[in-house]
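Scroll down for the structure; my scribbles are underneath it.
The values are calculated or read from the model by the stated rules, or taken from the named source; none is laboratory data. As the structure is a prediction and not an experimental result, all values here were calculated from the model. Cβ: placed from backbone, ideal geometry, glycine included. Neighbour counts: every protein chain shown.
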Amino acid sequence: MEILPQLILNSVIAGSIYALLALGFNLIFGTVKFFDLGYGALTTVGGYVVFWFGKKLGLPTIPSVIIGVLVAGVLGFIIYKLVYQKLRERRASSMILLVASLGVLTLVQAIIAMIFSSQFQTLSRSAGTRHLFHIGTGVITDVQVIIFASSIIIMVGLGLLLKFTTLGKAIRAIGDDEEVSKVVGINTTKIIGYVFFIGSAIAGLAGILVGFDTGIEPVMGLNLLLKGVIAAIIGGVGNVYGGVAGAFLLGFVENFGIWKIAAEWKDAIAFGVLILFLLFKPNGLFGRK
Amino acid sequence: MNKVVLWIIILIVVIGGIWLIVANKDNVPEASAEPIKIGFIGPLTGDLANIGANAKAAVEIAVNEVNAAGGIDGRSIEVVYEDGACAGATAANAVTKLINIDKVPAIIGAACSGETLASAPIAEQGKTVLLSYCSTNPAITTAGDYIFRSVPSDSFQGNFAANHIFTNLSKKKVAVIFINNEWGTGIKNAFTKAYQDLGGQVVLSESYEPTSADLRTQMSKVKTSGAELVYFAGQTDGTITGLKQAKELGITLPFFGADSWDDTKVWSELGAIGNGAMFTTVGSNNTEEFKAKMAEKVGPDNIIYCSNYAYDNIHLMANVMKEVGIDATAIKDALYNVNYTGGVGVDPLKFDANGDPVSANYVIKVVKDGKADVMTQ
Amino acid sequence: MAYLVHLAVFISTTSILAVGLNLVVGYTGLLSVTHAAFYGIGAYTAAIFMTSLGVNFFLALLIAVVLTAICALLIGFVLSKFKGDYFALGSFGFNIIVYSIFLNAQGLTRGPLGIPGIPRPEIFGFVFKSNISYLILCVVFLIIVYFVAKWVVNSSFGRVLKAIREDEEAIRVFGYNTLYYKLAIFVIAAAMAAIAGSLYASYITFIDPSSFVLFESIFMVAVIILGGLANIKGSMLGALILVLLPELLRFVGFPTEIAAQMRVAVYGLILILLMMYRPQGLIGEYKL
């Protein structure tokens, strides 16, 4: 079974990426209670900003990444202000918000394609000079270790934020009951703005890391988003830790699944899992309610 | 909103649209200084948009060259570019518009076989020449009298590669990785059949989605498959990540690809990782001049493999038009007799009775230090 | 004019799709984003029967409708367990799974190679070769679909659907088996999609999985939202506008790559603006 360690590593890597996506997505959904599909576009934004600053303008890696994450966060915030906030003020149903977010995703992706062309790009500049770590018969690169580490750090960071800071408590309050939060004096509009900023920044980070690991293209957002959504639902939508668990579960099921079944069925397996969970455990593994 | 106002708006949109279309319909070029219109279809949006955009750039270069050399009897050529989106329906709309509104006698297109197969019956019925620069689906061979392609069908390449790998390289066990679109599937089928007929064993056959550039699992399977060589029918993105990930996983097997690997971007991105990779190609004869002009338009090392065929198609079409004029049927007849040399794609380019290029000469190229050169045997 | 006739064929098939989808989304309130899957099942069934088995178009269409209806029954049964946004997400999932099957079950569908050479319909020796004749065929089917939809909507069956949309719990309390109604309309809509699929397959004479991706389902939802939910004429209006619009953009004279992406951007923008300023669409009666 010499492939087993590699399969496990592959699952962990995939799970880490999905975890990042699920974290941001859960944060947003837990607070505003609608599925923001535009979230997927922000992964693409993050990746392309780093592409622009890093590869095109030649900025060193760390500053480019920081800029990328910030731009993604800010853009998410702006979209909230322009679109979602107005809709929520009018008490639009969550389906309207879902469709609107779909429009956002489509629009942003098209704009990126117009600016950057639809070419696939890699973010890393040096080919073949990756550091490799050997674990048993499995191999993992330095970028992949960073991806895994990021997912854990952000999960812990977000958890701490939500539990111990005032902002975190306000976020949770809004998530529990928005009306009551307003009554007790929480500036929900402002806090939700922060939520979108943080969530979108995480999305941007995910896109950037994927870009370093494999590459970016304008249409990458939807697929990443859907996997993040599946992870979030499996884990229990709105539950930060649950999403991470769901993400790793998804990563394992996908990779072990296509070990036996041909790789082309990977997406079908992922969505099959989604449907199974929606059927039998719609609140996920650790759902609220 | 007032219902009446609403209906007025709708009527304006619809009538405006029809007017726009009809107004353009009367653009029948008169004799003399009017430019000659040629159509172009390619995926300018969607997953394969970079292939379409790159081919468009090559076509633009060719058009400039033709016009700079005096055009066709003093008339310049003008290409009308339409998006096929690598989808049958969109391509069908595009080709219908080109034939009926722009009244082009010939269309350079399409890239995706889906686009070409959907366009073919329309072009055939409209008696318009359709000259594909990238579609390799075997079904196109019998798609029609007016349907040509300057890129050879997959069956040749698969055969040639299978022979070389089994006989010359003596590899009896191969793992096949292919991109799950019509190009990859076609080549995989051709190769697998030929290789198995020779007695070889395909120990693994895995595909990857065009939209997912992550081949980690496929490569992990390759590692434990017991193969002696990997036949990798991948396009640019998948090849770059696939080979990188293979190297990361510690795979030392030789990799063998197809003509899509004749793409300078792949090897410059991969650097040393690409050393030793081999692939079949129809000796793309990219001249330095062509490379330089493409570098100007789309950046250095960025010639995607079908663009040279697209470039040739324009020059070929211009040559034919100079001889027989712009009547589509005359062009079609002339194409069956053409012998085009000096192109950057297939050289020489001749068509058989089906409109397919007469079997092309394949060569094997080997990659070293970011460059691919013909293997000296 | 040949180009307009060609577009009219697409407008007709899109209208058939839209009318069916509107019955599910607009009248029953189920946000189904998997209509392209049924479109595809219809198209592939018809294509396979016509090419491999030499079956006549009209018979193939019938088989396609039946097969798609059965699939819709199964898929709908699973989906009916979900509510609201989860229904939408679950439907995403089904679209992707069905697409995956089109792409990978190569023994059946030839995967990305697609199925070429689908013949045009033939009846009593007359072949629908010219586009005008095909357009008439499509319009005939559209009229049939229109009247079926109208009959459904104006019947007591239709009233129950609207009641489900407004408050499913309430009507269940009254003893109505809402599951049955939801399944029934889902199947009817899928059957209509199968008709559109068969018409499409025979018209273009070649189909491959790319016509049935998730984005197509999203496009269909945009069509009915734009035209107006719960309004049959609205669906046809939406189809007219959204088929015509990208073609118009061809003429506006943007540089071509931009033009192509511009179409996609416009879809996105339309969705956003509609949701923000006119969620009931142009002539709709229901907001999501």
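Looking across region A:154-171, the residues that are without any contact (Cβ under 8 Å) to a residue 40 or more places away in the chain and surrounded by fewer than 19 Cβ atoms within 10 Å (Cβ to Cβ) come down to A:Val156, A:Gly157, A:Leu160, A:Leu161, A:Lys163, A:Phe164, A:Thr165, A:Thr166, A:Leu167, A:Gly168, A:Lys169.
Scanning region B:229-248 for any residue that is under 23 Å from B:Lys368 (Cβ atoms) and in a loop (DSSP other than H, G, I, E, B) turns up at least one such residue.
Of all residues being surrounded by 13 or more Cβ atoms within 10 Å (Cβ to Cβ) and among the aliphatic types (A, V, I, L, M) in region B:22-47, which is modelled with the lowest pLDDT? Just the residue, please.
B:Val22
Among the conditions (1) farther than 25 Å from B:Val63 by Cα; (2) more than 13 Å from chain C (Cβ to nearest Cβ); (3) of a type outside the set (A, V, I, L, M), the only one that B:Thr141 does not satisfy is (2). Among the residues making up region A:228-287, those that are among the β-branched types (Val, Ile, Thr) and either more than 14 Å from chain C (Cβ to nearest Cβ) or under 23 Å from A:Ile8 (Cβ atoms) (or both) are A:Ile230, A:Ile234, A:Val240, A:Val244, A:Val253, A:Ile258, A:Ile261, A:Ile269, A:Val273. Only one entry in C:Tyr134, C:Tyr99, C:Tyr44 is in contact with a Lys or Arg (Cβ under 9 Å, 6 or more places away or on another chain), crowded, with 18+ Cβ neighbours inside 10 Å and not acidic (Asp, Glu), namely C:Tyr134. Only one of the numbered conditions (1) crowded, with 24+ Cβ neighbours inside 10 Å; (2) more than 17 Å from the chain's Cα centre (by Cα); (3) in a loop (DSSP other than H, G, I, E, B); (4) not hydroxyl-bearing (Ser, Thr, Tyr) is violated by B:Ala175, and that is (3). In region C:192-209 there is at least one residue that is of a type in the set (D, E, K, R), surrounded by 21 or more Cβ atoms within 10 Å (Cβ to Cβ) and within 14 Å of chain B (Cβ to nearest Cβ).
Any residue at all in region B:155-162 that's in contact (Cβ under 8 Å) with a residue 40 or more places away in the chain and not in a helix (DSSP H, G or I)? No; the residues of region B:155-162 include none that is in contact (Cβ under 8 Å) with a residue 40 or more places away in the chain and not in a helix (DSSP H, G or I). For region A:35-64, the candidate set comprises residues that are among the small types (Gly, Ala, Ser) and farther than 27 Å from A:Ile230 by Cα; within that set, the residue that is surrounded by the fewest Cβ atoms within 10 Å (Cβ to Cβ) is A:Gly58.
Scanning region C:87-125 for residues that are more than 7 Å from every other protein chain (Cβ to nearest Cβ), part of a helix (DSSP H, G or I) and of a type in the set (Gly, Ala, Ser) gives C:Ser91, C:Gly107. When B:Ser225, B:Ser212, B:Ser207 are screened for being modelled with pLDDT under 90 and more than 8 Å from every other protein chain (Cβ to nearest Cβ), only B:Ser225 passes.
Remark: pairs (first residue in region B:93-116, over 22 Å from C:Leu242 (Cβ atoms) and at pLDDT 90 or above; second residue among the charged types (D, E, K, R) and surrounded by 24 or more Cβ atoms within 10 Å (Cβ to Cβ); Cβ separation under 6 Å; 6+ apart in sequence or on different chains) are absent. Residue pairs whose Cβ atoms lie under 6 Å apart, separated by 6 or more positions or on different chains, with the first residue in region A:216-233 and among the basic types (Lys, Arg) and the second surrounded by 24 or more Cβ atoms within 10 Å (Cβ to Cβ), are A:Lys227/A:Tyr18. One residue stands out in region C:227-273 among those that are touching a residue at least 40 places away in the same chain (Cβ under 8 Å) and facing chain A (nearest Cβ under 8 Å): the one that is nearest to B:Glu60 (Cα to Cα), namely C:Tyr267. Between A:Ile17, A:Ile8, A:Ile67, A:Ile78, the distinction of being within 14 Å of chain B (Cβ to nearest Cβ) and surrounded by fewer than 23 Cβ atoms within 10 Å (Cβ to Cβ) belongs to A:Ile8 only. Within region B:175-197, not a single residue is free of Cβ contacts under 8 Å to residues at least 12 places away in the same chain and of a type in the set (Ser, Thr, Tyr). Anything in region B:270-293 that is within 14 Å of another protein chain (Cβ to nearest Cβ) and surrounded by 24 or more Cβ atoms within 10 Å (Cβ to Cβ)? List them, or say none. B:Gly274 - this is the single residue of region B:270-293 that is within 14 Å of another protein chain (Cβ to nearest Cβ) and surrounded by 24 or more Cβ atoms within 10 Å (Cβ to Cβ). The residue that is farthest from the chain's Cα centre (by Cα), among those in region A:22-40 that are among the hydrophobic types (A, V, I, L, M, F, W, C) and under 14 Å from A:Phe197 (Cα atoms), is A:Val32.
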